[in-house]
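Below you'll find the structure, written out as structure tokens, and then a few comments.
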Amino acid sequence: MSHQTPTIAIVYVTGNGHTRRLAHAVADGADPARLIDVEEMTSDDWDMLDAADAILFGTPTYMGSSAARFDTFLEEASDRWADQLWADKIAGGFTVATYPSGDKLNTLMRLAIYAAQMGMVWIGPNQIGAPVAPENPGLNRDGSHLGLMATSSRDKEQLIEPGDLETARRFGERIKLAAARWTR
């Protein structure tokens, strides 16, 4: 039995490049995946989202919630709710903030609730990092399983720590596997 490669869209907004860097790492794991910056969306991007098997949402966490520009995208996309255009698509989310907590959980909860209201099937990361699994230093260092969390690096050339980028890549792989399984 042959399986078609699932179509995966990663829609995000970035402030200073951190979320973009994280989105690219997720895309590396989900390859092939289409990256869509909400500030540059076209009608083709909307068509791709409507046709995708999986949609991942990415936004920085600012002052304890998702970025206002991303919230505007979510409000625009909610026009698809009444016709359930995104129902049964795989969904997941990711965020980045300055502090290890940074109230990122609130952002992920907002995205997961949005996906649930749209009838989507939410998938979180499954990486177990140190200290529980000492052999995995740097992986899932924020200990999040609802969605992918990253803490911005103080090194502005790097933006995201290597362990968070690897966690993001593995999250992309998991989304790809879930979408393939879900769409058989």
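Readers should treat all values here as calculations from the given coordinates under stated rules, not as data from a laboratory. Bear in mind that the values here come from a model prediction, so they are computed numbers and not experimental data. In this analysis, Cβ positions are derived from the backbone assuming ideal geometry, glycine residues included, and neighbour counts consider all displayed protein chains.
Given region 1-100, what percent of its DSSP beta bridges are antiparallel, to the nearest 5?
10
Antiparallel DSSP bridges in the chain: what percent, to the nearest 5?
Of the beta bridges lying entirely in the chain, close to 10 percent run antiparallel.
What does a probe at N126 reach in region 27-41, counting residues whose amide N is under 18 Å from the point 7 Å along Cα→Cβ?
29-31
Rounded if a/c is under 1.5, else prolate if a/b is larger than b/c, else oblate: which is region 2-83, with a ≥ b ≥ c the root eigenvalues of its Cα gyration tensor?
oblate
Per the helix-only calculation at 222 nm, which mean residue ellipticity applies to the chain, given -39500 (n - 2.57) for every DSSP H run of n ≥ 4 and division by its residues, nearest 500 deg cm²/dmol?
-11500 deg cm²/dmol
Quick one: which residues, 5 or more positions from I10 or on another chain, have an amide H under 5 Å from its amide H? H modelled 1.01 Å from N in the peptide plane, none for Pro or chain starts.
R34, L35, I36, L56
Each residue of region 148-162 in order: what ³J(HN,Hα) in whole Hz does its phi give by Karplus 6.51 cos²θ - 1.76 cosθ + 1.60, θ = phi - 60°, with x for Gly and Pro?
Taking θ as phi minus 60°, the curve returns 7, 10, 9, 10, 5, 7, 5, 7, 6, 7, 8, 6, 10, 5, x Hz for region 148-162.
Using a cut-off of 13 Å between beta-carbons, work out the net charge of the residues near R21 (Lys and Arg +1, Asp and Glu -1, R21 not included).
Local net charge: -4.
Comparing E157, E135, E76, which has the greatest mean-square fluctuation in the GNM of the chain with Cα pairs linked when under 10 Å apart?
Highest fluctuation of the listed residues: E157.
In whole Hz and in residue order, list the ³J(HN,Hα) couplings for region 131-147 that follow from phi through the Karplus curve 6.51 cos²θ - 1.76 cosθ + 1.60, θ = phi - 60°; x for Gly and Pro.
Karplus values, whole Hz, x for Gly and Pro: x, 5, 10, x, 6, 10, x, x, 7, 6, 5, 8, x, 9, 10, 6, x.
Take region 103-184, compute every pairwise Cα distance, and split them into 5 Å bins from 0; I just need the percent in each bin.
All Cα pairs, binned at 5 Å, distribute as 3, 15, 20, 23, 20, 12, 6, 2, 0 percent.
Could you pull out every residue, at least 5 positions away or on a different chain, whose amide H is within less than 5 Å of the one on V121? Hs are placed 1.01 Å off N in the peptide plane, and Pro or chain starts have none.
D88, K89, I90, A91
Calculated FRET efficiency, R80 and D44, Cβ-Cβ r, R0 22 Å, to nearest 0.05?
Computed FRET efficiency for R80 and D44 comes out at 0.85.
Which of A77, A30, A150 moves most in a GNM of the chain, Cα contacts under 10 Å?
Residue with maximal mean-square fluctuation among A77, A30, A150: A77.
Once you have the Kirkwood Rh of the chain from its Cα pairs, apply Stokes-Einstein at 4 °C and 1.567 mPa s and quote D in µm²/s.
The estimated diffusion coefficient comes to 80 µm²/s.
Taking the Cα centre of the chain as the origin, how large is its charge dipole in debye, to the nearest 20, when only Lys and Arg (+1) and Asp and Glu (-1) carry charge on their Cβ atoms?
Computed charge dipole of the chain: roughly 580 debye.
Between A52, G17, L35, whose Cα lies farthest towards the positive end of the dipole of region 1-65 when Lys and Arg beta carbons carry +1 and Asp and Glu beta carbons carry -1, centred on the Cα centre?
Of the options given, the answer is G17.
How many Å³ per residue does the convex hull of the Cα positions in region 1-47 occupy?
For region 1-47, the hull spanned by Cα atoms encloses 63 Å³ per residue.
Once the principal axes of the Cα atoms of region 50-106 are found, what is the range along each, listed largest first in whole angstroms?
Extents along the principal axes: 38, 19, 14 Å.
Quick one: D164, D142, D45, fewest Cβ neighbours within 10 Å first, how do they rank?
Ranked by crowding around the Cβ, least crowded first: D45, D142, D164.
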